[in-house]
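Shown next, in structure tokens, is the structure this report addresses.
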Amino acid sequence: MAKDELWHGIPRKDIPWFPTVDTDTCIGCSLCYTTCGRGVYEMQDNKAVPVNAMSCMVGCSTCGTVCPVQAIAFPDRDLIWKLEREHKIFKVVRQEAKEKMVKQDALKARATAEDAVAKLTTRVRFEIAGEFGEKRFLVQMEDAVKERPYDFVNLRLEVPTVQGMSQKTPSFMSFEVTSTEQEDIQNFLPDVLDLIRRNGFTLVSENKM
Ligand code: SF4
Ligand code: SF4
């Protein structure tokens, strides 16, 4: 928390809650420095120095708890309880809690929605091999998606040689099946497999993307 921020409606700068280190007792173990997530400490000459004391979270005393030689001290907790009473912070706290719940519910809802989308199969890449000399397969592909929310994209035909093609040497084709409405395409996949089978092609691979 920056110095000019509020702690439940009270300016942080008006709350004298921060650690002080007894440098004679400190053995420089760095535990407070590595424990504090607020960047309160720096290690200087093998001693912990609370250089950003007012970034300390009001009420936290974790570094003092973990210090192996009890070199860290805090004000008496009465200070905080007195502030809470005098500033009647609980009205503010209730409002903050309400806002936090709304935010958390929204985050949960978003995570659930993202999870559902991640579970959808919206694109599958196929690799097939066979003899693609005629246009029949392309026409059937076109028919398969006519007036349906699907499409074939990124079609690639690899023909080893033109002479090989005339001699009916197997070629290689890859394409992706997608939904034009970002919907699940699971129901369409059996049609694609049937199309491949009916044309006598070999399915080399089928991968969800
Ligand atoms: S945890 Fe205690 S002994 Fe270790 S560096 Fe911090 S103040 Fe010093
Ligand atoms: S009490 Fe907590 S926030 Fe404050 S300096 Fe220690 S670890 Fe950091």
Average projection area in nm² (convex hull over Cα atoms of the stretch 123-208, one quarter of hull surface):
5.3
Sites residue 22 and residue 82 - FRET efficiency at Förster radius 22 Å, r taken between beta-carbons, to 0.05:
0.30
Suppose we keep just the alpha-carbon trace of the chain; what are its Rg and Dmax in angstrom?
33.3, 93
Going 7 Å from the Cα of residue 205 along its beta-carbon direction, which residues of the stretch 111-138 have the amide nitrogen within less than 14 Å of the resulting point?
124-129
Stokes-Einstein diffusion coefficient of the stretch 6-90, Kirkwood radius over Cα pairs, 20 °C, 1.002 mPa s, in µm²/s
159
The alpha-carbon center of the stretch 88-147 and that of the stretch 9-48 are separated, in whole Å, by 45
For residue 82, give me every one of the aspartates and glutamates with a C-alpha distance below 18 angstrom, ignoring sequence neighbours fewer than eight places off in its own chain.
14
Diffing the stretch 27-43: the Karplus 3J(HN,Hα) column from phi (6.51, -1.76, 1.60, θ = phi - 60°), in whole Hz with x for Gly and Pro, holds 9, x, 6, 6, 4, 5, 4, 7, 6, 5, x, 10, x, 6, 9, 10, 9
If packing is taken as the mean number of other Cβ atoms within 10 Å per residue, what is the order of 172-180, 129-137, 197-205, 155-163, highest first?
172-180, 129-137, 197-205, 155-163
Candidate lysines for bridging to residue 103, where Cα separation is under 29 Å - those fewer than 8 sequence places away on the same chain excluded:
3, 13, 88, 91, 119
Considering amide H positions built from the backbone, and no H for Pro or chain starts, which residues 5 or more places from residue 204, or on another chain, come under 5 Å of its amide H?
127, 128, 129
Over the chain, relative contact order from alpha-carbon pairs under 8 Å, at least 6 apart, %
18
Can you tell me the order of 49-56, 23-30 when each peptide is scored by its average per-residue count of other Cβ atoms within 10 angstrom, highest first?
49-56, 23-30
Report, ordered by chain and residue number, the lysines lying within cross-link reach of residue 168, taken as a straight Cα distance under 16 Å and ignoring same-chain residues fewer than 8 apart.
135
Equivalent ellipsoid, the stretch 58-160 (semi-axes from 5 times Cα gyration tensor eigenvalues, Å)
67, 22, 7
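Each reported figure results from applying straightforward, stated rules to the coordinates on display, with no laboratory input. Computed from a prediction, not measured in an experiment: that's the story for all the values here. Neighbour counts are summed over all protein chains in view; Cβ atoms, including those assigned to glycine, are modelled from backbone coordinates with ideal geometry.
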